[in-house]
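Please read the structure below before turning to the comments.
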Amino acid sequence: MGKGAISAGAVAVLVLVTGCKAVAVDTDGGRPSEGGSGSGDGKPRATATRSPTDTPSTSSTPRTPDRPDSTPTRPSTPPPPTAPAKILMERGDHGGQVRELQARLRQIGWFYENPTGTYGPATTSSVGEFQAKRGLPRTGATDTVTWQKLRGMTREPTRTELYAGGGMPAAKPDKRCMTGRVLCIAKSSRTLTWMVDGKAVSTMDVRFGSQYTPTREGTFSVYWKSRHHVSTLYDTAMPYAMFFSGGQAVHYSADFAARGYAGGSHGCVNVRDEKKIASLFAQVRKGDRVVIYK
């Protein structure tokens, strides 16, 4: 037998790894020994090498239970307290913002009076009802939350809406009003300003003609005054009438005093403050100018 030859009974064993189970295979082509026992020839078997994929054997050392996360759970931070709403307007206040509040409430049917600029009982009640309807604290005072809610539901009031009941500041005087004695009448502000040598003596609310009987615009002169005048055309009283163009005149109107801007004239310039028109009638003379402009 040559050097390095294998004896007939000698069986060299190679170990194959299949999955996680080692299988012994004879080198002479025989079937593998699935039992994994020796061949019985007394020769030592090759020692199987553990594959990295083999499941490690169970250690005799007792397993240490999993430790909980050593990082303590941080309690959730409560939200910062909500700052109380700031009061912007309340009962007893006056001014343009109050007038705007009233006009906005009127747009959505929560205020039925004309804006006055005075925060009185009616305004307090309207604001309170508006707040209650929308789940806000019913205080009757207008705070920042109430004001933002109202602004989001309404639009910017027009000049006419802000002064639906009158009291609008007079418009800038027309340049024709700056000299002499003039009844300066502005349609944009619905005001009559009695001016003498460029200075305003008095201002009053006025109402004009309707769409089909408009008040004429231009420069005119007072040609006739009638203290207790009655219209022969409409059989209507026209106290303190000062005629300036045909049948059109500046005069006191009881209807204007009662209904405000809900009505209109037949072309005349109506005044609703009887004391003011009486004072004006006493000062105006025939020949004084009348200027009517947009």
Query raised in the report: Take the residues of segment 71-107 that are under 14 Å from TRP147 (Cα atoms), in a loop (DSSP other than H, G, I, E, B) and touching a helix residue (DSSP H, G or I) at 6+ places or on another chain (Cβ under 7 Å): which is modelled with the highest pLDDT?
Result: LYS86
Query - Given (1) surrounded by 13 or more Cβ atoms within 10 Å (Cβ to Cβ); (2) in contact with a Gly (Cβ under 7 Å, 6 or more places away or on another chain); (3) over 21 Å from ARG104 (Cα atoms), number of the condition THR179 does not satisfy - result: (1)
Query - Boolean, ASP288 is acidic (Asp, Glu), farther than 21 Å from THR179 by Cα, surrounded by 16 or more Cβ atoms within 10 Å (Cβ to Cβ) and assigned by TED's automatic domain parsing to the domain that holds ALA186 - result: no
Requested in this report: Report, by residue number, each residue of segment 190-205 that is touching a residue at least 24 places away in the same chain (Cβ under 8 Å), buried (at least 18 other Cβ atoms within 10 Å of the Cβ) and more than 12 Å from VAL290 (Cβ to Cβ).
Outcome: ARG190, THR203, MET204, ASP205
Report summary line: Pairing a residue in segment 141-159 that is farther than 20 Å from SER125 by Cβ and in the same structural domain as PHE130 (by TED's automatic domain parsing) with any residue that is of a type outside the set (Lys, Arg) and assigned to a strand (DSSP E or B), where Cβ atoms lie under 8 Å and the two sit 6 or more apart in sequence or on different chains, gives THR144/LEU88
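The values are calculated or read from the model by the stated rules, or taken from the named source; none is laboratory data. Please read all numbers here as calculations on a predicted model, not as lab measurements. Ideal geometry is used to build each Cβ from the backbone, glycine not excepted, and the neighbour counts take in all protein chains shown.
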